[in-house]
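I have placed the structure first, in the form of structure tokens, so that the comments after it can refer back to it.
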Amino acid sequence: MTSKTIANGILRAVGVLLGVALLLFFLYKIQSVIAYLAIAAVTALIGRPIVLFLRKRLKFPNILAVILTMLFFVGILAGIIALFVPLLSEQGKNLSLLDIDELQRNFNTLYKQITQYLGASPEVVNEILEETDIDKNLIEGLDIGFIPDFLNSLLGVLSSASVGLLSVLFISFFFLKDSKLFQKGILALVAKDQEARTIKSIDKINNLLSRYFAGLLLQLFILFVIYMITLLLVGVENAIVIAFLCALVNVIPYVGPLIGGVLMITLTMTSNLDADFSTVILPKAGWVFLGLLIGQLIDNFFSQPRIFSQSVKSHPLEIFLIIIIAGLLFGVVGMIVAVPAYTAIKVILKEFLAENKLVKSLTKNL
């Protein structure tokens, strides 16, 4: 091996590394565009069954079916905005004028009511906190002055997201109008002899993910109805908004239900601090907890099994491991995209590595 060959190899390796670095830097700079494309793709997958229904069952032209589907999405979005924005605006205005010291005293009141109900004096609780190396003034020293700033920041994010929203709607429209648009882009990067397998894989992925996202929306809707009925029966203010938020965070596997449950019970217990703890606040929290339990039982034993078995066709243990691994590697975002990404990978492996023993065992139900 000559010095010239070695030098060429080094230069080639440096060039490859430089090209990869530039590609990663480019992807980082356009990450917002990638996010728009991903959200638009999910929207198109959800809308695909609606478009097919309008085209095949009602005999609508393709463009009309797509327009009606997009109007349906815009209507849902407008309803959500009409539900949340006035509430956030009102609460942001109220909290910006709120006496934080008074709000602090309300939390301290709830803390004292809980300790008295449990039969422990504040002095005993402080001794326990000291023994466990926890600051005894943890509750009294809780700084909640960030709440107005947080809500104002949230409103700023929502207002600045309008450009992204329009971009997603625009891209989704063309994804639905030309269902082969994404496929054409993929085929441009695939060898000629692999096009048939690639087309088959894309069609299979589209069918599976369309059913998955449709099932996911049904799952969230069922939870929303259960939570809303529970909160309305208990008499919690803004029950629809709270139920929607708690159902929405359920999209985060395993962690989402816990976050939603804590949020719902906390808002229930702090909604009327002037009431008696043992006769009003605690029973309300108990009924809300029962509603949460019923919702999660239905979700875990009815909704999720049907989604996984009929849409992504994967074993629950298999899904559990994939979600945990994705969460460890990529955080909450990884947990959310783990199931659709894993489903797409399984379809591709089945099509291109069908003879592999491990692939056979993982994709036997596809």
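The values are calculated or read from the model by the stated rules, or taken from the named source; none is laboratory data. These numbers come from a predicted model, not from an experiment. Glycine also receives a Cβ, built like all others from the backbone with ideal geometry; neighbour counts cover every protein chain displayed. What goes into the accessible areas is simple: the full protein's heavy atoms, side chains included, and nothing from ligands, DNA or RNA. Shrake-Rupley method; radii C 1.70, N 1.55, O 1.52, S 1.80 Å.
Data overview
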quantity	calculated
Residues satisfying the stated conditions in the stretch 162-193, i.e. surrounded by 12 or more Cβ atoms within 10 Å (Cβ to Cβ), under 25 Å from the mean Cα position of the chain (by Cα), modelled with pLDDT under 80 and of a type in the set (A, V, I, L, M, F, W, C)	L165, F182
Of all residues making up the stretch 34-60, the number that are farther than 20 Å from P340 by Cβ and either at pLDDT below 85 or surrounded by 14 or more Cβ atoms within 10 Å (Cβ to Cβ) (or both)	3
Verdict on L258 being open to solvent by 30 Å² or more (accessible area, probe 1.4 Å), among the aliphatic types (A, V, I, L, M), modelled with pLDDT of 85 or more and over 22 Å from R48 (Cβ atoms)	yes
Enumeration of residues in the stretch 311-330 that are open to solvent by less than 50 Å² (accessible area, probe 1.4 Å) and modelled with pLDDT of 80 or more	E318, I319, I322, I323, A326, G327
Test for I63: is it out of contact with any Gly (no Cβ under 8 Å at 6 or more places or on another chain) and open to solvent by less than 70 Å² (accessible area, probe 1.4 Å)	no
Test: residue in the stretch 332-344 that is touching a Gly at 6+ places or on another chain (Cβ under 7 Å) and under 27 Å from N250 (Cα atoms)	yes
Lone qualifier among F289, F308, F277 - being modelled with pLDDT under 85 and either open to solvent by 20 Å² or more (accessible area, probe 1.4 Å) or under 17 Å from G215 (Cβ atoms) (or both)	F308
Subset of the stretch 320-335 (residues that are farther than 17 Å from I205 by Cβ, in contact with a helix residue (DSSP H, G or I) (Cβ under 6 Å, 6 or more places away or on another chain) and not small (G, A, S))	I323, M335
